[in-house]
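First the structure, in the form of structure tokens, and then the observations on it.
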Amino acid sequence: MGSIFPVFFFGAIVVALMFGVALLTPKGPNQAVIRTALMLTLATCYLLWMITYLAQLHPLIGECCLVLVFWKTMAERGVSSPSQNGQEQGMSGRMS
Amino acid sequence: MADEYPSLFRSESMSLVQLFVPTEVAHDTVAELGELGDVQFKDLNPNVNPFQRSFVGEIRRVDEMARRVRFFMNQVEKEKDVVPIRPLSDCAPLITVGPRAAQTMDELEVKLAQHEQRLVKMNDSYQTLSERTRELIEAKHVLEGTAVFFEKARAQREDIRTSFEDLSTPLLHEDRENLVSTTNLTFDLEFIAGAIERSRIPIFERVLWRVLRGNLYMNYSDIPNPITDPVTGAEIYKNVFIIFAHGDVVLGKIRKVAESMGATLYPIDANADKRSAALREVVSRLEDLEAVLYQTGLNRRSELVTIGESLQCWQDVVKKEKMIYETLNLFNYDVRRKTLIAEGWVPTRDITNIQLALRDATEQSGTSVPPILHELRTHQIPPTYHRTNKFTEGFQSILDNYGICRYQEVNPGLFAIITFPFLFAVMFGDIGHGFIIFSAAVYMILAEKKLQKQSLGEITGQFFFGRYIILLMGAFSIYTGLIYNDIFSKTLHIWHSGWSFLPTSSVGEPNGRTYPFGIDPAWHGADNALVFTNSYKMKMSVILGVIHMTFALCLQVPNHIKFKRPVDIYANFIPQMIFLQSIFGYLVLCILYKWTVDWSSASTDPPSLLNMLIAMFLQPGQVDHQLYPGQKHVQVLLLLLAAICVPWMLITKPYIIWKETRKIHGQGYIGLQGEEVPRESSDETLEGEEEGNGRAILESEDEEHHDFSEVVIHQVIHTIEFCLGGISHTASYLRLWALSLAHAQLSEVLWSMTIGGYLHPTTLGGVIGLILQGSLWLSLTIGGLCLMEGMSAFLHAVRLHWVEANSKHFEGGGHAFTPLSFANSDRE
């Protein structure tokens, strides 16, 4: 299983960068714009990555059966696609 | 001055200034300030109608000049061969300030009048000449056309003659002689010839038939070339007609009918020689006329070219002069002292610049009496002025379209620079589509200077105005595309997937890795990919929405501190924050927590968070599937907190205000209602004495009276709005989920419907199919997905900013700063 550590690690880096940007933006008529833009960019990009990473951290298999059927990969590997794909038909992942 | 540099965070601090401008320098001062574009003048004579103002005469004169310039513009535009208009940047500037200004204007006026006179005269003569040419051309055609008729008639007669000489019919000779004499008679019939519009021929014929009861013989033929109407320039097809009839009465009737139908009649002689003589004459006159006409046209054109050289310059000068005099009309004119008094708003930090400009104006006009500027204290609310540049302008205008900020309140436009493209990109995430709009924006920015000069259409102009918004939207779309792992509905496989596919199984098995950046490409093409992306994007939109709303709510605080309203912090902001966080903040935490738990090794089932949230309200204290130990108590506590916040918001503020008013009343103060008489600006004597003491001439006392009942009602509405809004706005952020899913699905469908099946062509037909399908796919990608889908994502992002975020902190109700500026006048 993946680790939750990168979330905190990059979180800390992003926070540090935001502080750095806040302190180091050169003075000038566009200081506020540059500072806000950079800080918000860091925050939003981190958020989106974090959400995506966390969502895939512990795939909900077992009860929720998020099962992958990847015919193309199978075909590429020269394996004839098994015929027992009926078992996934009625499956609907329970969404929380 | 609080800050060293202007910032977009709050609007500029403004000052109300008063200017005393000596009449001699008034014009030049306003011209200089108009170039500077930094002063918004107030109307000091609101009760005076436009015709009674001081500079009506000048305005009328400038209007007359403007009319002439417009006339020239019309003439130049109507000319078929394009007359070159020299752009303003190439013209020698016409200096309308300084001691020689009056003379320049007089000269310009005379020049314009002369040009107009000449042009009108030339137009007139050109028109008369063209009219005569047209008549002659018609006459020529009529002569030629009728000649054909006569010719035909003679040929028939010859026919008849030859048949007479046929010896086989000697017995009827005498009769035939008579017949010939009757045919000879037809030539004695009088006739009328002329030209008429082709479409009217049938009506004309029918009317004549009815009027004359069939006693006529009419013949007509087409004129092959169209005839140009000199007035309208339209091309008309006409027919030549000739009508034979007998008797003056009948002929008179025909003439009348012909005239009423718009036909032109020409005198034609029955004698062939005379006709050909007339034709010769007409042709020679036509040649002469055409030569004259050509000469006149040439003269007119050279006149227009001369006008075209300085037309833009005149237009500019006239427009500026009009603006200057209209501004001067806003000033208070003191006849006795020969000064004009102006009042206006200026950004406080620009006062020095304005004073410099005033000094320049004095020097330029060559007088020694400078205009005097001093600041006034006022209770009026200054206009809102955000100093934007070409980058921030677009973002600011998106937010300004919703409402103008209150003076010096936190400007959401600053944060929209990033949050707007980001929310857009969440809905539009695709590397390919993002790249397309990104490169379009890059092109517009690189060709900025060129595009700025030429006038774009309305829609293209809009895109050009928003080029920096589009740039950021494209950049963020590329990033979200990387996260969604979508490039034109295909996928990138950069890192090791978290799923392994064993040859023996159709089901992917997790292999213990987590895809480090973005969505695992293994999901692409999986049967249950939608199940995963659905859940992922729905949760993502809730998380982003709650964070965005929390952020927007926090923007209240600087406002409350700035306007010194501590009550609002602990009677509005704190309970609102607790309310939002105890319900939706908790939901977000639960979502994040649930993701971090490895449910495969946990002892319990993963709970459904939506059911958990509903159960939190409906059955407090009961938890079906426990997410974490002690969940029951935490949820009850949070529910209680949220419940307490409602009366907190509802009651605190009105109670504090009520207590304060009671305290004030208790100290014996009474409101000054009825004693506040607005100062009348018409009271000139009083005004004259008070000018110096720093009060504004026009001071409307529109301070709000805080009625207690109003405060209560306002607070009740505010509370209800916030509590219901918290729920509906969170739901509203689900549009991020819906639109991003829709976008991904649409691009996938487009791919498989068009290019998908043609990718590996084996035959020539397959290659052609691939090219056709590929171009169809490309045009639909650009037109449908990038433009239409982009537009819809744009509108949804706009809505999220206007409604969901702005309702948390935005007060609005300001009025925009509209300075007198010559540069801005072009945009209108």
Gyration tensor on Cα atoms of the stretch B:376-466, a ≥ b ≥ c root eigenvalues, a/c under 1.5 rounded, else prolate if a/b beats b/c, else oblate, says oblate
Starting from the stretch B:340-391, pick out the trypsin sites (Lys or Arg not before Pro) whose DSSP state is loop and whose Cβ has at most 16 other Cβ atoms within 10 Å. B:Arg377, B:Lys390
Can you list residues whose amide H is under 5 Å from B:Ala816's amide H, if they're 5+ apart or on another chain and H is modeled 1.01 Å from N? B:Thr384
Taking A:Met39, B:Met616, B:Met427 and counting other C-beta atoms within 10 Å, the order from fewest to most: A:Met39, B:Met616, B:Met427
When a/c is below 1.5 the answer is rounded, else prolate if a/b is larger than b/c, else oblate, so apply that to the stretch B:191-350 with a ≥ b ≥ c taken from the square roots of the Cα gyration tensor eigenvalues. prolate
Cα Rg, Dmax, the stretch B:709-828, angstrom units: 24.5, 82
Could you give the distance between the Cα centres of the stretch B:743-761 and the stretch A:10-26, to the whole Å? 42
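Using the Kyte-Doolittle scale, which helices in chain B average at least 1.0 and also have C-alpha atoms spread 30 Å or more along the helix axis, with helices defined as whole DSSP H runs?
What comes out of the filter, once short or polar helices are dropped, is B:529-554.
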For B:Cys91, B:Cys786, order by how many other beta-carbon atoms lie within 10 Å, fewest first: B:Cys91, B:Cys786
Averaging over all projection directions, find the projected area of the Cα convex hull of the protein assembly as shown and quote it in nm² with one decimal place. 67.3
Give a quick list of trypsin sites (Lys or Arg not before Pro) in the stretch B:455-564 that DSSP marks as loop, anything other than H, G, I, E or B, with at most 16 other Cβ atoms within 10 Å. B:Arg513, B:Lys564
What does the C-alpha gyration tensor say about the overall shape of chain B? Classify as rounded when a/c is under 1.5, otherwise prolate if a/b is larger than b/c, or oblate. oblate
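Please tell me the relative contact order of chain B in percent, rounded to the nearest whole number, where contacts are Cα pairs under 8 Å and at least six residues apart. Could you put the intermediate results ahead of the total?
Working: 999 pairs, mean separation 171.2, N = 828.
It comes to 21 percent, rounded to a whole number.
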Return the loop-located trypsin sites (Lys or Arg not before Pro) in the stretch B:196-268 (DSSP other than H, G, I, E, B) with at most 12 other Cβ atoms within 10 Å of their own Cβ; answer none if there are none. B:Arg213
Suppose only helical runs count, i.e. DSSP H with n ≥ 4. What mean residue ellipticity at 222 nm does that imply for chain B under -39500 (n - 2.57) per run, divided by all residues and rounded to the nearest 500 deg cm²/dmol? -19000 deg cm²/dmol
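Every number in this text was worked out from the coordinates using simple rules, so none of it is lab data. Keep in mind the model is a prediction, meaning the values are calculated, not measured. Here the Cβ is made from the backbone with ideal geometry for all residues, glycine too, and neighbour counts use every protein chain on show.
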